[in-house]
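Read through the structure below, which is laid out as structure tokens, and then see the notes.
The values are calculated or read from the model by the stated rules, or taken from the named source; none is laboratory data. Computed from a prediction, not measured in an experiment: that's the story for all the values here. Every residue, glycine as well, gets a Cβ built from its backbone with ideal geometry; the counts of neighbours run over all protein chains shown.
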Amino acid sequence: MILRNYRSSDCGTLAELFYNTVHTVNAADYTSEQLDAWADGNIDLAKWDRSFLAHTTIVAEIDGVIAGFGDIDDSGYLDRLYVHYGYQRMGVASAICGELERSVSAAVIVTHASVTARGFFEKRGYKVWAEQNVMRKGVSLTNYIMELSRG
């Protein structure tokens, strides 16, 4: 596995990986209506590219295939962490998350974890601060505000 910094040319592949991961990996924990609201396949690639470039964004490659990605901002907000459905449980998320956590000096790292990702983050020492229901396209999705204290 190779971890590298994001390049703008990755954006379309990351958007496709995001959509496919949500609709396969997260399907056990969310309804099809929720999955469609979360990832409808209509991502504003220019907006995502700007966001990735403004954050520390790490891409994982295995044998030349993008297997996952994640990003974190300077305040310690871990925004996205997604692993291709074909590369689950291979240490990809752990490797990316480790790089992201090391890249910031914030005393607390915060993420909004899906029902699916909650256990992953708990194993890394994150604690649930609050359960919340967020609205996406008029559909309610449960996730968890989770924090990792490093102080």
Inset, instruction - Considering only the range 110-128, state which residues are surrounded by 13 or more Cβ atoms within 10 Å (Cβ to Cβ) and part of a strand (DSSP E or B). - result: 110, 111, 112, 113, 114, 128
Legend entry - For residue 105: the one exception among (1) farther than 21 Å from residue 21 by Cα; (2) crowded, with 18+ Cβ neighbours inside 10 Å: (2)
Legend entry - Test result for residue 110, among the hydrophobic types (A, V, I, L, M, F, W, C), within 23 Å of residue 128 (Cα to Cα) and modelled with pLDDT of 95 or more: yes
Inset, instruction - Only residues in the range 105-121 that are more than 14 Å from residue 72 (Cβ to Cβ) count as the first member; pair them with residues that are of a type in the set (Val, Ile, Thr) and at pLDDT 95 or above, Cβ under 7 angstrom, at least 6 apart or cross-chain, and list the lot. - result: 115/142; 116/25
Legend entry - Subset tally (residues that are in contact (Cβ under 8 Å) with a residue 40 or more places away in the chain and among the polar types (S, T, N, Q)) for the range 26-71: 4
Inset, instruction - Return the total of residues in the range 23-54 being touching a strand residue (DSSP E or B) at 6+ places or on another chain (Cβ under 8 Å) and of a type in the set (Val, Ile, Thr). - result: 1
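Going by the structure shown, is residue 80 among the basic types (Lys, Arg), modelled with pLDDT of 95 or more and surrounded by 14 or more Cβ atoms within 10 Å (Cβ to Cβ)?
On the way: among the basic types (Lys, Arg): yes; modelled with pLDDT of 95 or more: yes; surrounded by 14 or more Cβ atoms within 10 Å (Cβ to Cβ): yes.
Yes, satisfied.
Among the candidates 66, 72, 43, 62, which residue alone is within 13 Å of the chain's Cα centre (by Cα) and β-branched (Val, Ile, Thr)?
On the way: 66 fails: within 13 Å of the chain's Cα centre (by Cα); 43 fails: within 13 Å of the chain's Cα centre (by Cα); 62 fails: within 13 Å of the chain's Cα centre (by Cα).
After applying the criteria, what remains is 72.
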Legend entry - Unique residue being charged (D, E, K, R) and part of a strand (DSSP E or B) when the list is 147, 99: 147
Legend entry - Among the candidates 142, 116, 56, residue that is among the hydroxyl-bearing types (Ser, Thr, Tyr), at pLDDT 95 or above and over 13 Å from the mean Cα position of the chain (by Cα): 142
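For residue 16, are the conditions met, namely being of a type outside the set (Gly, Ala, Ser) and without any contact (Cβ under 8 Å) to a residue 12 or more places away in the chain? Can you show your working first?
On the way: of a type outside the set (Gly, Ala, Ser): yes; without any contact (Cβ under 8 Å) to a residue 12 or more places away in the chain: yes.
Against the criterion (of a type outside the set (Gly, Ala, Ser) and without any contact (Cβ under 8 Å) to a residue 12 or more places away in the chain), residue 16 qualifies.
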